[in-house]
Structure formats: C-alpha cells, structure tokens
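J.: Before I ask anything, here is the structure I am working with.
The values are calculated or read from the model by the stated rules, or taken from the named source; none is laboratory data. Everything quoted here is computed from the prediction, not taken from an experiment. Cβ placement follows ideal geometry from the backbone for every residue including glycine, while neighbour counts extend to all protein chains displayed. These area figures cover heavy atoms from the full protein model, side chains too; ligands, DNA and RNA do not enter into them. Shrake-Rupley method; radii C 1.70, N 1.55, O 1.52, S 1.80 Å.
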Amino acid sequence: MKKPNDICVFKRSGSGSWVLRFRETVNENGQLKVVHRSRTLCSGGVNRKDAFKLAELEAAKLEQTRPSKPELIVTLGDYVTRVYLPFAESNLRFWTAKSYRVTWEKHFAPRQHITRKLLCDVRTSDVYGWLHEIVATDKTEGEGLLGASTVKRLKSLLSGIFTHAVNLGYLQGVNPVVGAMLPAGAEPKETQAYSLEEIAAMIAALPDPTSRVMVAVAAFTGLSRSEIRGLTWEAWQGDELHVLRSIVAGKIQDTKTRARKAPVPLLPSLAQVLGRHRERDGNPVTGPMFRTSNGTPVDPNNLLRDQIQPAFKKAGVACWHGWHGFRRGLASNLYGLGVQDLVIQRILRHSNVAVTQACYIKTVNADSVRALASLDAVLCSTCALESSETAVAQLQ
C-alpha cells in the first residue's frame, strides 16, 4: 500500500466486517484539519489476503477521486455556504440566486447527513436518495407532496452546485446529479399557451390603452415579462425591437442570454399600436416604453393587478395563465400555422445547442417576417380600438 502510515485494515469486533481506516486532511470552515475516516470493505467471511486486496483497490480509488489539494476536500454544506451561494449571488440572475438560497436553506441545510457529506464522496445514488427522502419527509410532515417545479428546482440546484465544483477542482469526474432520477410524480405539469382566440378576447376586454398595448406586445413579440418592463423607445428601430436589457425585481440587468439580444420583428399592426401609444405619451424618443406617472418603468404585475385582472373579471375572460403563456402561445400559434421549428426559435431567440447559430443572427430572417405576417390580422381589432380612441379625442 502506498501510504502505510495513513491507512490500515482491521476486522471490526461485533459485526466482524473488514474495515479500511485512513487519515485525511480536510478543509473545515476554511481551516485544514486531519480527521480519521473508515469504510467497510467486505464481510468477515473474506480471508485476510483478499480483504487487503480490496483495501488496496479502495485506497487507489480514493486517491483518484480526491482533489489534488487538501484545501479542496470539503463537506457539501461548507462548500455551498462558503463557495457556491456567494458565486451564485454574484453571477446568476437575482431571482435564480435567491431561489437557490431559499431552496438550500429549507430543504438541504437542516439535514446534517447531507451537509456533512464530503463533496468528493457524493455519488448518484446519494442524490437519488436525498431527492426521494425530501419528497417523502415533506409529505409525512403534513406539508403535502412537493410540486413538480419544486422537485425539479431541488435537482437543478444540486446540478449547479456539482457542475461548479467540477470546474473548480473540488470534484473529480462527472457530475453525480446527471443520472439521478426524480421521484415519481415530479414530472413537470402541462404548461399553458394562449390561443389566437384567447389573445383576441383579452385585447378586446381591456379598456385601458396601456394594458392593451402591453398585452399585444407580449402576445406578438414573445418578449418575457422582464424584457417588456425593460423596453425603451430607443429599442424600437424601424420594423424591429432590439432588446438590450431586462428589469428583474426592480433591478436593470442584461438579457438572460446573448441570443436574446437578437432583433425581434414587429408586425405592421403592432407598430401602429406602438405609434399611437407613443403619441398618447407625448411622443418621447427615449426612456421606458411603459412608464408610470413619475417616469419609472411599469411593473407588468402591478398593471395586471390594478387594470388587467379587474377588466378580465368584468368581461368574463377567464383564460389568464401568466405572462409566459404569451411566449408559449406565439410559438404554438406559429407552429399551428406550419412555421418551421428553426424559424420559431429565431423569433423567440431561444439559446440551445441545436439552434445556437440561428439565435445569433443579427438581421431578421425573411421567413420570420412572413410567418409573423400571418398573425397580423389578429391585431386589426386592436388597431380599430386605437383608431376609435384617436377619432373620439379629435372630436372632443
């Protein structure tokens, strides 16, 4: 054995199992400390010679899986609190980092058998067991079965933690979370996408012009709620919108991905709607496209609470499924019109391996323009409403 002073093999009294005991330098709260560890090798029925062969194999495996520096051998809990969460809060989007911290502190931190596990010792079977344990425990404690999105968030958090650990050298080999199966019932629920009929009904039900324009922008550009909140008049360039920022929790941020900075084609009818919206606002050329009385960007959720939902309730419109339903709706409606998947990806500015090149195109694809033109008629009712308001205002 390579390190006779660091490891030994003995037969445990009582169970009679063969045990490998070794010393290891670990990082605890930033301080290096030598600790004694042990691992069961096999049953006592194995002879001494074979037990020592197993010990040699296990010792070699330990050397291969351990980080090259002792300071990188840490417990999972210490790594998450000292390294990963600060990294997340500095580099990830605000709500993502906040969600990760809340998820860790609620579901993982109270379980010491998880937090005290050495990061380099975690295996896929451990992750699988943790996920199932958390779901089962929360159910028995009366909290009810965790929602599918919460369970997926647990796995997503762990995946991010171990991916980061691999990159920094805290973990050798592959991410142990990759192959871990989610508990039964944790499959994602069916998401909702607005149909053209639902979008038309929503627009017709909104008497407030700002709400009407915001819903139209969401439905026919595929912009997310944070991107709509971050829209400025400078972003409107001819028949395109150039989304250069988003606003999350009141903070101005970059777009979610580089691909999301690709230009967004504007339907002619939507361009008219935006033009009348600008006229009502005094024809500004800079500043938020949707702004409050004091000039700050409107929060779509505030507009939803104060204007949109009351109007829907009054008109009997009951199809609200969140702002992201417009983005899914645009994709679904274009697909229903026979538009190719690649064209839809360009319009929505998705970023993934299969369509990376398409997402980075800087000019609007002709197919995208033709596809969106198929939806133009749906906005005619909005144009009519805007025109009627203009005519009434002129008569007054």
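This table checks each residue for (1) of a type in the set (S, T, Y); (2) assigned to a helix (DSSP H, G or I); (3) over 19 Å from H324 (Cα atoms).
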| site | (1), (2), (3) |
| --- | --- |
| I199 | no, yes, no |
| I203 | no, yes, no |
| S211 | yes, yes, no |
| A218 | no, yes, no |
| L223 | no, no, no |
| K256 | no, no, no |
| S269 | yes, yes, yes |
| L274 | no, yes, yes |
| H277 | no, yes, yes |
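To keep it simple, each residue is scored yes or no on (1) out of contact with any helix residue (DSSP H, G or I) (no Cβ under 9 Å at 6 or more places or on another chain); (2) hydroxyl-bearing (S, T, Y).
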position: R37; (1), (2): yes, no
position: L41; (1), (2): no, no
position: A51; (1), (2): yes, no
position: Q64; (1), (2): yes, no
position: E71; (1), (2): yes, no
position: V83; (1), (2): no, no
position: S90; (1), (2): no, yes
position: S99; (1), (2): no, yes
position: V102; (1), (2): yes, no
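J.: Could you list, in sequence order, all residues of segment 335-345 that are over 20 Å from the mean Cα position of the chain (by Cα) and in a helix (DSSP H, G or I)?
T.: From segment 335-345, those over 20 Å from the mean Cα position of the chain (by Cα) are 335-344; that's our starting set.
Y335, G336, D341, L342, V343, I344 - these are the residues of segment 335-345 that are over 20 Å from the mean Cα position of the chain (by Cα) and in a helix (DSSP H, G or I).
J.: Separate question: Can you confirm whether R229 is surrounded by 19 or more Cβ atoms within 10 Å (Cβ to Cβ) and at negative phi?
T.: Numbers: surrounded by 19 or more Cβ atoms within 10 Å (Cβ to Cβ): yes; at negative phi: yes.
Here the answer is yes, as R229 does meet what is asked.
J.: While we're looking at this one, here's another question. Could you please find all residues in segment 237-251 being under 14 Å from L274 (Cα atoms), open to solvent by 50 Å² or more (accessible area, probe 1.4 Å) and without any contact (Cβ under 8 Å) to a residue 60 or more places away in the chain?
T.: So the first thing to find is which residues in segment 237-251 are under 14 Å from L274 (Cα atoms), and the list is 237-241.
Checking the rest, the ones that are also open to solvent by 50 Å² or more (accessible area, probe 1.4 Å) come to 237-239.
The answer is Q237, G238.
J.: How many of the residues in segment 111-139 are of a type in the set (V, I, T) and over 15 Å from V74 (Cβ atoms)?
T.: Of all residues in segment 111-139, those of a type in the set (V, I, T) come to 114-115, 122, 124, 127, 134-135, 137.
Then drop every residue that is not over 15 Å from V74 (Cβ atoms), which leaves 124, 127, 134-135, 137.
Counting residues in segment 111-139 that are of a type in the set (V, I, T) and over 15 Å from V74 (Cβ atoms) gives 5.
J.: Checking C8 against (1) at pLDDT 80 or above; (2) open to solvent by less than 90 Å² (accessible area, probe 1.4 Å); (3) part of a helix (DSSP H, G or I); (4) not β-branched (V, I, T), which test does it fail?
T.: Among (1) at pLDDT 80 or above; (2) open to solvent by less than 90 Å² (accessible area, probe 1.4 Å); (3) part of a helix (DSSP H, G or I); (4) not β-branched (V, I, T), C8 violates only (3).
J.: If you don't mind, there's one more thing I want to ask. Taking segment 77-95, which residues are closer than 14 Å to T163 by Cβ and either in contact (Cβ under 8 Å) with a residue 24 or more places away in the chain or touching a Gly at 6+ places or on another chain (Cβ under 8 Å) (or both)? Explain how you work it out, then say what you get.
T.: We begin by selecting, within segment 77-95, every residue closer than 14 Å to T163 by Cβ; these are 79-80, 83-84, 87-88, 91-92.
Hits for segment 77-95 are Y79, V80, V83, Y84, F87, A88.
J.: Report the residue count in segment 305-325 for those that are at pLDDT below 90, open to solvent by less than 70 Å² (accessible area, probe 1.4 Å) and in a helix (DSSP H, G or I).
T.: Here the count works out to 1.
J.: Six or more apart or on different chains, Cβ atoms under 6 Å: show the pairs whose first residue is in segment 148-164 and among the charged types (D, E, K, R) and whose second is surrounded by fewer than 23 Cβ atoms within 10 Å (Cβ to Cβ) and in a helix (DSSP H, G or I).
T.: Within 6 Å, the pairs are R153/T103.
J.: Could I ask something else about it? Being under 17 Å from N29 (Cα atoms), surrounded by 15 or more Cβ atoms within 10 Å (Cβ to Cβ) and not aromatic (F, W, Y) is the filter here, so list the residues in segment 83-94 that pass it.
T.: Result: V83, L85.
J.: For the structure I just gave you, tell me whether V273 is within 17 Å of P300 (Cα to Cα) and surrounded by 18 or more Cβ atoms within 10 Å (Cβ to Cβ). Don't jump to the end; show me each part of the working.
T.: On the way: within 17 Å of P300 (Cα to Cα): no; surrounded by 18 or more Cβ atoms within 10 Å (Cβ to Cβ): yes.
When the stated conditions are applied, V273 does not pass them.
J.: May I ask you to list the residues in segment 52-82 that are surrounded by 18 or more Cβ atoms within 10 Å (Cβ to Cβ) and either at pLDDT 85 or above or assigned to a strand (DSSP E or B) (or both)?
T.: A55, L72, I73, V74, T75, L76, G77, D78, Y79, V80
J.: Is it the case that segment 176-184 has a residue that's at pLDDT 90 or above and of a type in the set (V, I, T)?
T.: Our first condition is that a residue be at pLDDT 90 or above; within segment 176-184, this holds for 176-177.
Pick out the ones that are also of a type in the set (V, I, T) and you get 177.
Yes - at least one qualifying residue is present in segment 176-184.
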